[in-house]
Amino acid sequence: MAQKVFFSVSMSLDGFIAPESLGDLMGQQWRELQQWVFPQRFFRENLKLGEGGEEGRDNDILRETFERTGASVMGKRMFDAGERMWPEEAPFHTPVFVVTHTRRDRWARPGGTTFHFVNDGIESALDQAREAAGDRDVRIAGGGATILEYLNAGLVDEFSIALSPVLFGCGIRLFEGVDASTVALEPVRSESSPRVTHLTYAVQPR
């Protein structure tokens, strides 16, 4: 199958994927948004949190998302937050291309993750990620502004949302500023678990 560019996020019922302030990341609201992830066996294995954990469709989806990803792209805001929070063995285990204006040498971490800092735009980062991914897919890892840039540029083929039964009230909306005149969606799959509803859409030009 042809290589795809996709994103996969957790979203609150009122459309938010993260708090506005990086200082609130890992706070109570964010933990509630991600509560479906933390108990899963694959999540615990990937972050080396110990044995055990739940198995089932939520766990399968986390594993499938990881296994299909050959390279990731992210924005500087997400990288800055992750650099402080990720363990030494960052959880990607693939090349990661960071879209930024900051010049920095590539940063290799144990376990196969290497961060490459791209200073010439989102298309250049995606081209490099496509080449690095080989026959696997490219994930636009975030944050929200970076996802929106790729979506509005017509560079996303598919996305999945884990719709979590929480309300944020404020924060970073996934689709704030989307160019709805150019983006059309086709439902691909809908799956419910006891914790979230997984929604997948193909993206097409309108």
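Computed values, structure above
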{"quantity": "Local net charge near S193, Cβ-Cβ under 9 Å (Lys/Arg +1, Asp/Glu -1)", "calculated": "0"}
{"quantity": "Using distinct alpha-carbon pairs, which all enter the 1/r mean, Kirkwood radius of the chain in Å", "calculated": "17.5 Å"}
{"quantity": "Selection of trypsin sites (Lys or Arg not before Pro), segment 76-117, meeting DSSP coil and at most 15 other Cβ within 10 Å", "calculated": "R103, R104, R106"}
{"quantity": "Once exposed loop GluC sites (Glu not before Pro) are cut out (DSSP; at most 15 other Cβ, 10 Å), longest piece of the chain", "calculated": "90-175"}
{"quantity": "Accessible-area composition of segment 1-133, carbon plus sulfur, in percent [1.4 Å probe]", "calculated": "49 percent"}
{"quantity": "Cut-off 9 Å between beta-carbons: net charge of the residues surrounding P110, Lys and Arg +1, Asp and Glu -1", "calculated": "-1"}
{"quantity": "Given charges at beta-carbon only (K, R positive; D, E negative), |dipole| of the chain in Debye", "calculated": "220 debye"}
{"quantity": "Heavy-atom surface of the chain, accessible at 1.4 Å and reported per residue (Å²)", "calculated": "51 Å²"}
{"quantity": "Backbone N under 11 Å from the E89 label point (7 Å along Cα→Cβ), restricted to segment 20-48", "calculated": "45-48"}
{"quantity": "Net charge contributed by nearby residues that have their C-beta within less than 13 Å of I61 (K/R +1, D/E -1)", "calculated": "-1"}
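The values are calculated or read from the model by the stated rules, or taken from the named source; none is laboratory data. Just so it is clear, the structure is predicted and the values come from calculations on it, not from any experiment. When we count neighbours, we look across all protein chains shown, and the Cβ atoms used for this are built from the backbone with ideal geometry, even at glycine. Remember, those area values only see protein heavy atoms, side chains included, never the ligands or the DNA or RNA. Shrake-Rupley method; radii C 1.70, N 1.55, O 1.52, S 1.80 Å.
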